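The values are calculated or read from the model by the stated rules, or taken from the named source; none is laboratory data. None of these values were measured; they are calculated from a predicted model. Ideal geometry is used to build each Cβ from the backbone, glycine not excepted, and the neighbour counts take in all protein chains shown. Only protein heavy atoms, including side chains, enter the accessible area calculation; ligands, DNA and RNA are left aside. Shrake-Rupley method; radii C 1.70, N 1.55, O 1.52, S 1.80 Å.
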Amino acid sequence: MEWFDWNIYATFAPFFASQFFNSKDPVSDVLSTLAVFAVGFLARPFGGLLFGWIADKKGRKLSMSLTIGVAAVGSLVIGLSPTYTQIGVGASLILLVARLGQGLAHGGELPSAQTYIAETAPNAKRGLWSSLIYFSGTCGIIIGTLMGAVLATVLTEEQMTSFGWRIPFIIGGLFGLYALFMRRRMYETETFVEETTLDEKLESAGGHHESIWQTIKAHPKLLFQVIGMVAGATVIYYVWAVSAPQYAINVRGIDPEGALWAGVGANLIFLIVLPIWGIISDRIGRKPVMLIALLGLAVLYFPLNAMIGTSAFSLFIAISIALIFMGGFSSIGPAVFAEIFPTRIRAVGLGVPYSISVALFGGTAPYLQTFFADRGMSATFQWYAIALGVISAIVVLTLPETKGIDLAHESVGAHGRRKVRA
C-alpha cells in the first residue's frame, strides 16, 4: 500500500494537476505537480534519519508501524483536499505538506522494511527473500496503474479531472491504515533482539558499546557506496517502472488508456523476473547479477527509448525489456544493503544515504525527463541516465561479495570493524 500511495501520484498527475495549480498551459501544470513530487523526496533523508534511528534503537516493528501510518494519512489528505478554484493557493500548500509528510515516511519505510526482511531470511536464500520488497512494492504499483487504466476506461476525461483522481488516494489511505493494524502484530527480528540483549549485558557489566553515531562515523565508505549504487538505479527505475506511462501520455501522445495498460503489463513481467534474479544471486553471487542489470540497461537505454514510438504495444515492449534488466538490481538490492552494514546501523546507516540519493536522482527524474523532452532535448536526459548507471556499476565493483553471510553473528568491534561473535 505504501508503494501504491507513492505511485498513484505520478500516474494520476495528468488528471489532477489543474486541480491544484492555476495555469493556462497543461504541460506547465504537470511540471508544477511533478516539482511537488520531487519536493516530497527532499523529506526522505530526514525520514531515513528519524525512522532509521528508531528502527536501530527501538526496533524494526515500531519504525515500520509509524511510517505506514504517516503515509496513509498523507494519501487521505490529498484525496479529500479542496481544489485551487475552491481555496486558491491553499490547495497547492495542502498538496505540498501532504507530499512532504509522505516523503518523511517513505524515507524511513524502505530501509526499515529491507532490514526486517534481510534479518528474517535464511542465509542461503536471502537474495530470494529480499525480492519480496520490490515484488510487494510492484504489486502496489500495478494496482495503482491498473486502477488508473480502469478509471480512464470507465470515466470520461472530464470526470477523471473532476473527481476520478481522488478515488485511488482515498482507497490508498484506508488500506494503509489497515496495514498499520497488521504491522502492530509483527514480531521483532531475532538479530535485533540479540544485538539489544548483548548491549544490555555489556552495560550491566560496566562495559561500554559504541553509539549508533559512533558506528556510522566509523563507516563513511559504506555511506558513499550506497549513494553511488542507488544514483543510477533509482533514475532508471523511476523512469521505466513509475513514470513511463505518464511520459508516454504527455510527450509521445499515446492515449492514456493504452499507456496505462502497457504499464500494468510490463510490471507483471517485472514481478515474474524478480524472484528469478534473487535465486540466481543466491547461486552465483550478488555482484555479477547487479553488473548485468546496470550495464545492460546502460547499453540498451537509447534503443529502448527509440522503441517506445507512438503506440501502446511498443511502449509495453520497451518497458518490459527495461524492467527485466532492472529486476537484477531491484530484487537483491535490499539483501546487499543489509549485508554490507553491521546490525547496529543497518537501518539508519542505509536510510540516510539511500534517501539522499533517491531524493537527488530518483525524485527529480520524472521532472527532468519531461522538461528536456518538452524542449526537444530528450537525448540529454538519456545520456544523464546512462552515465549514472555506469557510475552505479563502478561502485558495485568496489563491494565485497556478500552472498550467504550470517547477519545474526556479526557485530561491530571497538574501532568500527566487523567481527564474528564467539
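Here Pro82 fulfils each of the conditions (1) open to solvent by 20 Å² or more (accessible area, probe 1.4 Å); (2) farther than 30 Å from Ile405 by Cβ; (3) assigned to a helix (DSSP H, G or I); (4) at pLDDT 85 or above apart from (3). Candidates Ser162, Ser136: the one that is over 16 Å from Trp3 (Cα atoms) and open to solvent by 40 Å² or more (accessible area, probe 1.4 Å) is Ser162.
Checking the structure you have, find out if any residue of the stretch 84-91 is in contact (Cβ under 8 Å) with a residue 60 or more places away in the chain, among the aromatic types (Phe, Trp, Tyr) and under 27 Å from Pro334 (Cα atoms). Looking for residues that are in contact (Cβ under 8 Å) with a residue 60 or more places away in the chain, among the aromatic types (Phe, Trp, Tyr) and under 27 Å from Pro334 (Cα atoms), one finds none in the stretch 84-91, hence no.
Could you list, in sequence order, the residues of the stretch 166-195 that are closer than 17 Å to Ile54 by Cβ, in a helix (DSSP H, G or I) and touching a residue at least 24 places away in the same chain (Cβ under 8 Å)? Scanning the stretch 166-195 gives Leu180, Arg183, Thr191, Phe192, Glu195. Is it the case that the stretch 371-381 has a residue that's closer than 24 Å to Val395 by Cα and at pLDDT 80 or above? The answer is yes, given that some residue of the stretch 371-381 is closer than 24 Å to Val395 by Cα and at pLDDT 80 or above.
Matching residues to (1) farther than 14 Å from Ala43 by Cα; (2) among the polar types (S, T, N, Q); (3) open to solvent by less than 50 Å² (accessible area, probe 1.4 Å); (4) under 18 Å from the mean Cα position of the chain (by Cα):
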| residue | (1), (2), (3), (4) |
| --- | --- |
| Ala105 | no, no, yes, yes |
| Ser112 | yes, yes, yes, yes |
| Ala121 | yes, no, yes, no |
| Ala124 | yes, no, no, no |
| Met147 | yes, no, yes, no |
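Test Pro334 against the stated conditions and say whether it is open to solvent by 10 Å² or more (accessible area, probe 1.4 Å) and assigned to a helix (DSSP H, G or I). So Pro334 fails the test. So which residues in the stretch 370-411 are basic (Lys, Arg) and within 30 Å of Pro342 (Cβ to Cβ)? Lys403 - this is the single residue of the stretch 370-411 that is basic (Lys, Arg) and within 30 Å of Pro342 (Cβ to Cβ).
Among residues of the stretch 126-138 being over 13 Å from Arg286 (Cβ atoms) and at pLDDT 90 or above, the one that is farthest from the chain's Cα centre (by Cα) is Trp129.
If you go through the stretch 405-422 one residue at a time, how many are open to solvent by less than 60 Å² (accessible area, probe 1.4 Å), at pLDDT below 85 and not in a helix (DSSP H, G or I)?
Summing the residues that are open to solvent by less than 60 Å² (accessible area, probe 1.4 Å), at pLDDT below 85 and not in a helix (DSSP H, G or I) in the stretch 405-422 gives 7.
Based on what the data block shows, is Ile117 open to solvent by 10 Å² or more (accessible area, probe 1.4 Å), at pLDDT 85 or above and within 13 Å of the chain's Cα centre (by Cα)? Here the answer is no, as Ile117 does not meet what is asked. The single condition from (1) farther than 22 Å from Leu297 by Cα; (2) aliphatic (A, V, I, L, M); (3) free of Cβ contacts under 8 Å to residues at least 60 places away in the same chain that Leu368 fails is (1).
For the stretch 98-123, filtered to residues that are among the charged types (D, E, K, R) and out of contact with any Asp or Glu (no Cβ under 7 Å at 6 or more places or on another chain), the residue that is nearest to Trp3 (Cα to Cα) is Arg99.
Applying the condition of being β-branched (Val, Ile, Thr) and outside any helix (DSSP H, G or I) to the stretch 348-403 and asking which residue is surrounded by the fewest Cβ atoms within 10 Å (Cβ to Cβ) yields Thr398. Taking the criterion of being more than 24 Å from Phe329 (Cα to Cα) and in a helix (DSSP H, G or I), the residues of the stretch 241-259 that qualify are Ala248, Ile249, Asn250, Val251, Arg252, Pro256, Glu257, Gly258, Ala259.
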